[in-house]
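Have a look at the structure below before the remarks.
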Amino acid sequence: MPVRHIEAQPFQATLAVLMEDVRPKIPDFVPRNPRRLIEACWQKDTKSRPMFPDIIKWVKDIDEEGIPRLNLTMENAKLYRKKTLVYAFKSKDRFVFYKTWGKSTSMPNDYVIIGPGGDAYTCAADR
């Protein structure tokens, strides 16, 4: 059965997953391989889900592949709009950001963006 996507409150989402086999929508900016892993782990039939050693290999492959670089343009800027004040500067150096989900590496002349609580990420400058 194809998976339907929902937008709901946590309790409603839980019931929809249990009763109707629906899942939250994965945002469009999530890269292909992490999206495939999430969807594989969401299978209702437990025998269709990947085994833990396969998940570990998959995560290592995603880590080696790295996060796709985004070229921020006026056309796609609305997709990444923050609802709070952030600070951005163009960096002369390369930065490595360590996050709970992995690491992200910037290139010289990329924009470094700092948000509330020290949340930091980078955006590729036009090349």
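The values are calculated or read from the model by the stated rules, or taken from the named source; none is laboratory data. The structure presented is a predicted model; accordingly, all values stated were derived computationally and were not measured. Counting neighbours? That spans all protein chains shown, and the Cβs are built from the backbone with ideal geometry, glycine included. Surface areas here come from the heavy atoms of the whole protein model, side chains and all, with no ligands, DNA or RNA. Shrake-Rupley method; radii C 1.70, N 1.55, O 1.52, S 1.80 Å.
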Item to complete: With θ set to phi - 60°, apply the Karplus curve 6.51 cos²θ - 1.76 cosθ + 1.60 along the range 99-104 and write out the HN-Hα couplings as whole Hz, x wherever there is a Gly or Pro.
Response: 10, 5, 8, x, 10, 10
Discussion item. Using a 7 Å offset from the Cα along the Cα-to-Cβ direction at both residue 48 and residue 119, what is the distance between the two label points in nm, to one decimal?
Written reply: 3.3
Worksheet, complete the sentence: Candidate cut points under trypsin sites (Lys or Arg not before Pro) in the range 20-58, DSSP loop plus at most 13 other Cβ atoms within 10 Å of their own Cβ, are 25, 44
Item to complete: Please give the contour-minus-distance gain from residue 12 to residue 111: 0.36 nm per residue of separation, less the Cα-Cα distance, rounded to one decimal in nm.
Response: 31.8 nm
Item to complete: Report, by chain and number, residues whose modeled amide H sits under 5 Å from the one on residue 119, excluding near sequence neighbours (fewer than 5 apart, same chain).
Response: none
Response to the item:
Once all protein chains are kept in place, residue 45 shows an accessible area at probe 1.4 Å, nearest 10 Å², of 80
Worksheet item: How much length, in nm to one decimal, is gained on full extension between residue 91 and residue 60, taken as 0.36 nm per residue of separation minus their Cα-Cα distance?
Response: 8.3 nm
